[in-house]
1. State the number of residues belonging to the stretch 58-71 that are closer than 12 Å to V96 by Cβ, surrounded by fewer than 17 Cβ atoms within 10 Å (Cβ to Cβ) and touching a helix residue (DSSP H, G or I) at 6+ places or on another chain (Cβ under 9 Å).
2. Would you mind listing the strands (runs of 3 or more DSSP E) fully within the stretch 627-708 where at least 3 residues are more than 30 Å from the chain's Cα centre (by Cα)?
3. Suppose we keep only residues that are touching a strand residue (DSSP E or B) at 6+ places or on another chain (Cβ under 9 Å) and aliphatic (A, V, I, L, M) within the stretch 221-270. Which one would you say is nearest to A195 (Cα to Cα)?
4. With the requirement that a residue be surrounded by 23 or more Cβ atoms within 10 Å (Cβ to Cβ) and not in a loop (DSSP other than H, G, I, E, B), what does the stretch 564-583 give you?
5. Condition check: in contact with a strand residue (DSSP E or B) (Cβ under 6 Å, 6 or more places away or on another chain), surrounded by 14 or more Cβ atoms within 10 Å (Cβ to Cβ) and either of a type outside the set (F, W, Y) or under 30 Å from V605 (Cβ atoms) (or both). Does R55 satisfy that?
6. If you scan the stretch 180-203, which residues turn out to be crowded, with 24+ Cβ neighbours inside 10 Å, small (G, A, S) and at pLDDT 95 or above?
7. Of everything in the stretch 105-141 that's farther than 14 Å from D93 by Cα and of a type in the set (A, V, I, L, M), which residue is surrounded by the fewest Cβ atoms within 10 Å (Cβ to Cβ)?
8. Take the residues in the stretch 418-434 that are among the aliphatic types (A, V, I, L, M) and in contact (Cβ under 8 Å) with a residue 60 or more places away in the chain, then tell me which one is farthest from D544 (Cα to Cα).
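The values are calculated or read from the model by the stated rules, or taken from the named source; none is laboratory data. Because the structure is predicted, anything quoted here is derived from the model rather than measured. Cβ: placed from backbone, ideal geometry, glycine included. Neighbour counts: every protein chain shown.
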Amino acid sequence: MKFFASCGKGLEYLLADELVALGCARATAAMAGANVEGTLLDAQRAVLWSRLASRVLWPIAEFDCADEHALYAGAAAVDWPAHLAGGHTVAVDAHVSGDALTHARYAAQRVKDAVVDVMRARTGARPDVDVEAPDLRLNLVVRKGRAILSIDLGGGPLHRRGWRQKQGEAPLKENLAAAVLLRGQWPAVYADGGALLDPMCGSGTLLIEGALMAADVAPGLLRHGNATPTRWRGFDVAGWDALVDDARRREAAGMAALRPVFFGRDLDPHAIRAARDNADLAGLAGVIDFGVADIRALDAGTVQHDGATIARGLAVCNPPYDARLAADPALYRALGDGLKRAVPQWRASLLCGDAELAFATGLRAAKKYQLFNGAIECTLIAVDPIAPPQRAVSEATPALSDGAQMVANRLRRNLRKLKAWREREGVTCYRAYDADLPEYAAAIDVYTTDAAAPVTWLHVQEYAAPADIPEAVQRRRLNELLAAARDVFDVPRERVALKTRAKGKGGSKYGQMDARGELLTVREGDARLRVNLFDYLDTGLFLDHRPMRLRLAEEAGDARFLNLFCYTGAATVHAAVGGARLTTSVDLSGTYLEWLADNLRENNVGGTKHRLVQADALAWLEADTHEYDLVFCDPPTFSNSKRASDFDVQAAHVRLLRAAVARLSRDGVLYFSNNYRRFRLDEAAIAAFARCEDISPQTIPPDFERDPRIHRCWRLQRLDAVRSG
């Protein structure tokens, strides 16, 4: 069964990973939540154990919803006596978008009317409305003319753990606190003997959440007590009771073994009293060392256990940042300085108001994340360590030359320009520089790993210089470009993959590649993909095709998908993750097909529904008899191999496209792309068997706008399908 777990924006990937760890068959990040596959018991386990989810929604009806009448009819078609007992109370939360229904409260009222009318007609009893603590809480989402009606299995917001009775002026939601802890790798830090410090702890949310996490206490235990979270008739009560019994056993063992290595300080004595009261309600009396202190007085004596300073740990903090609390850069600087004095070798995970306030701490972030505290957009920085050891004078980084500084300035300008797009789209692999300065002719691509502690790598590809440029000048300019890139991205030499031009027989060509066998896993949309930056000229992921792959993912639902000249199969992975019914991937290279198999496994995709074919793509296509709803064809410009005939995309494209269109279903779509800059599509020949539309501008991402000719792309359909429409 598919269900949905919602969360705050910025927590989606963490939530998806958590749900898989909790036993769900599959979870993929979506906007403000995760689409999940699993059993009802998996969903109930998420209600009890998820630290990140806001709600867990189990769908019971989905229907077309053009207007309020369709909404009422769709809700009234549900067998409500199967879900709700007579005398039970009900509440409806609604979220609507589009032109047909514009008022969420009215949409909720229409669903409530349908429930009441059906229950009164079928049972003679009219359910009452209780918006605070209903027996059955429903969730309605209307989007793009479709309505999804779900049971809220948690009965309300899951961030309410049940222990917070007192809070400060700007409280931090518990599930956002959990995200701050997880981004700081708190479970691993505690398992390694580390401690937790919040030097501006307020009402203690981060510390209490961290202590309960360390003690393996299910976040839903105190919230629901001995009652079920909902009185929905479909709820597996016996399964829930078993989950709770197991959670109580784990709680008892975890609390008995919990080390008192939690330290909270705040300048406000009222906040410290509230934090102590909250900790007592959470069952943590005496576990957390709370005290009144100014951040400017923070020193190494703050974090001691049994008379000894604790050598390792995690510092967390949610310093003030909105207009009510008057964010002050000087306070952020004091926070950074205090952490450097007290715990210089610890990690830190700090939820700051924005990038400028994060910068004001003076701490160098290993990773930055954009999160939302309610409606407030924040910057979370992960720092490790807080105060890196100072380099010896002999190892000091030399100042950038004028040329390198010029490249660094351009790189920073490009990063600022792309920042909003990258954060909005969740892009972590992108082109940061593409010969923007003609003298420094190279492309710089950024690859950030998809991991709990993401790491940035650079892929630098040198372009051929004009013949009249001396080799010594080329070498100096390349070194300046590399120095600038390492400075801007703060990466060591070993995380820069360099592909240089070498003089060889027949002219300039790329020199011998490294053979490191080092594979990195990155994320693109909902897909996890493996790349190799060092061993080949290409990395396994053509970044300019990102919009095309995401488009395929959107259109792949229940489709039979074919990927010709599939390379490492990134498009196939997107189609599979997007819900393709079947996929077929064809390439002549066994190496690439093995790479594709690894990519599929990386996304928990496999089985007979995903066919890998090692063959000459054109010959195989002309012999194939299957039908496909979605086809992607991105052939090389030229290809020669001992195992297949030579291939020239200009000469062979009409034959290739004719054969591919012949395999389309009646309403099927073929996307054809190539990066041969002198390619000319034979429009007259193709018009005889297909309708063809040039969609190239739609497929060029913002990081490749400097080079709109990086590739061309067309959308093709069968003529009879178009005519019948």
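1. Looking only at the stretch 58-71, we keep the residues that are closer than 12 Å to V96 by Cβ, and these are 65, 67-68, 71.
Subset that is surrounded by fewer than 17 Cβ atoms within 10 Å (Cβ to Cβ): 67-68.
Right, trim to touching a helix residue (DSSP H, G or I) at 6+ places or on another chain (Cβ under 9 Å) and you get 68.
Counting residues in the stretch 58-71 that are closer than 12 Å to V96 by Cβ, surrounded by fewer than 17 Cβ atoms within 10 Å (Cβ to Cβ) and touching a helix residue (DSSP H, G or I) at 6+ places or on another chain (Cβ under 9 Å) gives 1.
2. Details: elements: 628-633, 638-641, 644-648, 664-674, 690-694.
Hits in the stretch 627-708: 638-641, 644-648, 664-674, 690-694.
3. Here is the first cut: in the stretch 221-270, the residues touching a strand residue (DSSP E or B) at 6+ places or on another chain (Cβ under 9 Å) are 229-235, 259-269.
Then keep just the ones that are aliphatic (A, V, I, L, M); that gives 261, 267.
Values: V261: 5, L267: 21 Å.
Looking at residues that are touching a strand residue (DSSP E or B) at 6+ places or on another chain (Cβ under 9 Å) and aliphatic (A, V, I, L, M), I get V261.
4. Matches in the stretch 564-583: L564, A570, A571, T572, V573, H574, A575, A576, T583.
5. Numbers: in contact with a strand residue (DSSP E or B) (Cβ under 6 Å, 6 or more places away or on another chain): yes; surrounded by 14 or more Cβ atoms within 10 Å (Cβ to Cβ): yes; either of a type outside the set (F, W, Y) or under 30 Å from V605 (Cβ atoms) (or both): yes.
Yes: the conditions hold for R55.
6. G184, A195
7. A121
8. Within the stretch 418-434, the first condition is being among the aliphatic types (A, V, I, L, M), and the residues that meet it are 418, 420, 427, 432.
Subsequent filtering for residues that are in contact (Cβ under 8 Å) with a residue 60 or more places away in the chain retains 418, 427, 432.
Working: L418: 15, V427: 12, A432: 12 Å.
This residue is L418.
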